[in-house]
Amino acid sequence: QVQLVESGGGLIQAGDSLRLSCQASGDTFNNKPVGWFRQAPGKEREFVAAISWSAGRTKYADFVKDRFIISRDNAKNAVYLQMNSLKLEDTAVYSCAVARWLALGARVSDYEYWGQGTQVTVSS
């Protein structure tokens, strides 16, 4: 069992940056990939980014590929999401999740353990 807690969200102006953290406890990440998802009001939860245990592989959704950077520090049992050039449409609850297997999946069903999420609100 892995427990995940996200932090770093807040109210930010468009164009600004935020760094989200995902802290694991319990069984930690168990050498599995970790992904970030987001869910905006009235929309389905969507994939943002994922990273392998060794950080040798990353995967990004098209809408964040040139703005967001995912990273991890296994010694700290933490995964991060650096979000730059934030847009109004980035407003959502951002959640981290541990994958079920070693593939960098982009589906909600590819992930097993989830945090409660942290709110990111972008204003103009």
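Here are some notes:
- Selected residue [touching a Cys at 6+ places or on another chain (Cβ under 6 Å) and modelled with pLDDT of 95 or more] from Gly15, Gly115: Gly115
- The set of residues from region 18-31 being within 21 Å of Ser123 (Cα to Cα) and open to solvent by 60 Å² or more (accessible area, probe 1.4 Å) comprises just one member, Arg19.
- Selection of region 114-124 for residues being open to solvent by 50 Å² or more (accessible area, probe 1.4 Å) and more than 13 Å from Arg38 (Cβ to Cβ) yields Gln116, Ser124.
- Residue within region 53-73 that is in contact with a Cys (Cβ under 9 Å, 6 or more places away or on another chain) and either over 16 Å from Ser7 (Cα atoms) or not acidic (Asp, Glu) (or both) present: yes
- Criterion applied to Asp27, Asp73 was being within 15 Å of the chain's Cα centre (by Cα) and free of Cβ contacts under 8 Å to residues at least 40 places away in the same chain, and the one residue passing it is Asp73.
- Given (1) open to solvent by 50 Å² or more (accessible area, probe 1.4 Å); (2) at pLDDT 95 or above, index of the condition Val34 fails: (1)
- Residues of region 37-52 classified as over 10 Å from the mean Cα position of the chain (by Cα) and surrounded by 14 or more Cβ atoms within 10 Å (Cβ to Cβ), total: 5
- Scanning region 1-17 for residues that are open to solvent by less than 90 Å² (accessible area, probe 1.4 Å) and under 17 Å from Asn77 (Cβ atoms) gives Val2, Gln3, Leu4, Glu6, Ser7, Gly8.
The values are calculated or read from the model by the stated rules, or taken from the named source; none is laboratory data. Predicted model only: the values in this text are computed from it and were never measured. Counting neighbours? That spans all protein chains shown, and the Cβs are built from the backbone with ideal geometry, glycine included. Note: areas computed on protein heavy atoms with side chains; ligands, DNA, RNA excluded. Shrake-Rupley method; radii C 1.70, N 1.55, O 1.52, S 1.80 Å.
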